[in-house]
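Please read the structure below before turning to the comments.
The values are calculated or read from the model by the stated rules, or taken from the named source; none is laboratory data. Because the structure is predicted, anything quoted here is derived from the model rather than measured. Please note: Cβ atoms are built from the backbone with ideal geometry, for glycine as well, and neighbour counts cover all protein chains shown.
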Ligand SMILES: [Cu+2]
């Protein structure tokens, strides 16, 4: 475990105490971090020119008109959306509104999007903010099947599903009795029925502990608060079960055989303040035995919390002392870990220390052995713990046995070999664990590699999501863009392909081979039960409820004049009858706050009160035709 054995001359690494940062060093970390940011800024100014993209290497530039090799699906942080990029170009292909409102497509404006987002009794949106961190795809046979993406909302503890054929959100569910839903991961197989070798569950980690139920009780005693790990049915998007644990859930990973899910824990102390959360020298990665949890649920051995009907199984240590019946296994890992990632060979999970300069490699076979009573202690499931650098966070894989971990404090990406780390842990002093360290700009958070979270990890590209860009781009005021750095990992040495800007603030993402993604360009009109067709188009009135059924076909709407009365409740349904690819129309109604688009053969609707009289031009917002500007109808509200 001597860092000199790594064959890397890294002063910062060797200055740390062997194993873990001392408590006093850890307590001062906030200051240390800020200090490093400041001093890296100076170093970065000098490096800025030197670190220009290199010409050698296997990566190809994407010329105008050429298509990218990969899609990247990334989160947007507190922007609340998901984004689609092409890689290696880094071109933004789409922004998918999820928990945010978006007036380009009318997300949060149309009745259909509001029904997905959730409304209050008065019809207004329940939430208009979101905080997306993780995007993960659905699997079949250990790789992406191109069906769904799932994304979390940390603020309001919601899980959203995005259809990959249309790249639009189709379902959102709020997790009961959870606050700070952070990590998520899809399962890859059923734990019992191996014929179900595709995603049917999504696991969601609850980060913040809260009173259970959170209804005003125990406000002054956080020791009574708890955290839940949730399982959602991927098809119906309904909660299947929850598991109460000690400590918190940070990020989530799943095994390829469907038997295990795990979450790293930076607060095993169950503390409610910063010092308390950093008190223990070791924290944990908590493993969930999915088959056992679901057997307990089936047998009725669960409780419920407050008004929620979701079965809650007890995964706390006190209730799980016998490995042979336990539903959880708490494996000790480096201090205040962030990140748990599954190796593409299906053998290991890696947790990084954050306050420890180490990565902990846990062998899944040994975790199962503990559950079967064949391994003495959960800590015996740890098969390696190499020192890799300061502030290790997330680990990506190349499918060739190498791991790439982001080092937040060192502003580096470290490439290390998993087998060598295991050999070193067993006592092999000649094992060369660290292969290369590369500066990234600056302070990396998540990294992710091409197909790296599948059995088809291809070792071509690594994206380093850097939290600070500083001098890398033209300044745009106080808030800088983030830097997403694309690194070619296909050769022996890593090399920087490009700096891509990112509007604040992406976290995690996945890189998916383009042949996996099959999108549709034109909707089927019959998929929309409220589609407007010539036979039902026009105005229908019931008392003061008016339904305006409108069609669009470039360059006109089906009605040149739409007349309603002040005080009417108007529902406007619009179907786009154009069948030409990419021939989208918009629908904007001035002073009524209506703005949305309809794609070819799509139907959307809005409902609003016509509360002020006058003449309003309902016009097309989305360029559609040489006579696009002429595409407008008179919306008349009689006094
Ligand atoms: Cu138009």
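Quick one: which strands (runs of 3 or more DSSP E) lie wholly within the range 418-508 and hold at least 2 residues that are closer than 25 Å to residue 136 by Cα and in contact with a strand residue (DSSP E or B) (Cβ under 8 Å, 6 or more places away or on another chain)?
Answer list for the range 418-508: 444-449, 461-466, 482-488, 495-502.
Among the residues of the range 528-536, are any under 37 Å from the mean Cα position of the chain (by Cα), within 16 Å of the ligand (Cβ to nearest atom) and modelled with pLDDT of 95 or more?
Yes, because at least one residue in the range 528-536 is under 37 Å from the mean Cα position of the chain (by Cα), within 16 Å of the ligand (Cβ to nearest atom) and modelled with pLDDT of 95 or more.
Regarding residue 118, is this residue touching a helix residue (DSSP H, G or I) at 6+ places or on another chain (Cβ under 8 Å) and either assigned by TED's automatic domain parsing to the domain that holds residue 597 or modelled with pLDDT of 95 or more (or both)?
So residue 118 fails the test.
List, please: which pairs have Cβ atoms under 8 Å, are six or more places apart or on different chains, and start with a residue in the range 612-639 that is outside any loop (DSSP other than H, G, I, E, B) and end with one that is within 8 Å of the ligand (Cβ to nearest atom) and at pLDDT 95 or above?
Within 8 Å, the pairs are 619/586; 619/631; 628/554; 628/555; 628/620; 630/555; 632/620.
Hey, can you tell me all the residues within the range 623-639 that are away from the ligand (no atom under 11 Å from the Cβ) and surrounded by 14 or more Cβ atoms within 10 Å (Cβ to Cβ)?
Scanning the range 623-639 gives 633, 635, 636, 637.
Identify all residues within the range 613-639 that are closer than 16 Å to residue 546 by Cα and out of contact with any strand residue (DSSP E or B) (no Cβ under 7 Å at 6 or more places or on another chain); write none if there are none.
Within the range 613-639, 639 is the sole residue that qualifies.
Please work out which residue is nearest to the chain's Cα centre (by Cα), limiting yourself to the range 581-622 and to residues that are within 16 Å of the ligand (Cβ to nearest atom), surrounded by fewer than 16 Cβ atoms within 10 Å (Cβ to Cβ) and within 24 Å of residue 170 (Cα to Cα).
The residue in question is 582.
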